[in-house]
Structure formats: structure tokens, C-alpha cells
């Protein structure tokens, strides 16, 4: 059966808390990433609406904006995928820690490998979100430049 004499339940439960905290952090990042994705999609729909009602000679500017927003959406989508992978890895880490304890600590590095994979996925997601933020600021600057040139001003 289970080697209950060797099990230190408090130690096992406390070791399972670290992945739980990382799951909570990942969940917060997922909420943020999904909100950013919704904003990008809303902006893209707005630009598409402008494109449909704009004269042909002004569509080129809007087409550039559409391409930029699609790239932004791709970065956020990749970040979301990486965050879901991360979440799965942290859940797997927590389960692996419990299974490892019940199996007499025979799983070797499996819990550690899952935790490292989760952290690396979070890192990748952070990089994708950073790229998206940079693109958002550049898009905003470009839109400001266009609007200022329309009004006859430049800075």
C-alpha cells in the first residue's frame, strides 16, 4: 500500500503551493492577454470599417494599419497559447508532486521538468506580450503622425 510512515503530508502540501501560486500568476496574465486581444480585435474591426467606407486613394494607409493589427493579434494569441501551456505544466507539476510522494518518490525529475517547462512558457508569453506592447505604441505613434499631418501640424 502507501508508505504512510514516510509521508510528510505537510511537506508535500507545501511543495504543491509553489505551482499553485504560479497558476494564479498565469491566470492573471491570461486575463490581461485576453483583454489585450479583445482590444486589438475591436481596433481591427474599427479600421476595417473605415477601410470599407474610405476612398481608394486613402486605403493604403489603412491597409498598413490592418497588417500591423493582425501582427499584434498574432503576438497576443501566441502569448495566450504559451500561458495555457504554462498553466497545464503547473497543474501537471502539482499532480506530479502528489503522485511522486504516493509512489515513494520514484518519478525522478518529472515534477521539476514540468515546473521548468511552465516557467519557460511564461517567459515566452512575456516576450510575445512585450513585442505586442512595442507594436501597439508604434502603431499609435504612426496614427498620431497621420492625424497630425492631416491637420497640417508636425512635431
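Key figures for this structure:
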quantity: Qualifying residue in region 10-31 (condition: touching a helix residue (DSSP H, G or I) at 6+ places or on another chain (Cβ under 6 Å), modelled with pLDDT of 85 or more and within 22 Å of residue 137 (Cβ to Cβ)); calculated: yes
quantity: Condition met for residue 49 (free of Cβ contacts under 8 Å to residues at least 40 places away in the same chain and within 30 Å of residue 109 (Cα to Cα)); calculated: no
quantity: Filter result (loosely packed, with under 13 Cβ neighbours inside 10 Å and within 20 Å of residue 89 (Cα to Cα)) within region 28-43; calculated: 28, 31
quantity: Cross-chain or 6+ apart pairs with Cβ under 7 Å, region 137-155 first and at negative phi and exposed (fewer than 11 other Cβ atoms within 10 Å of the Cβ), then in a helix (DSSP H, G or I) and modelled with pLDDT of 85 or more; calculated: 154/148; 155/148
quantity: Condition broken by residue 91, with the remaining ones in (1) assigned to a helix (DSSP H, G or I); (2) surrounded by fewer than 18 Cβ atoms within 10 Å (Cβ to Cβ); (3) more than 24 Å from the chain's Cα centre (by Cα); (4) in contact (Cβ under 8 Å) with a residue 40 or more places away in the chain satisfied; calculated: (3)
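The values are calculated or read from the model by the stated rules, or taken from the named source; none is laboratory data. As the structure is a computational prediction, the values presented were derived from the model and not from experiment. Reconstructed Cβ throughout: ideal geometry from the backbone, glycine too, with neighbour counts over all protein chains shown.
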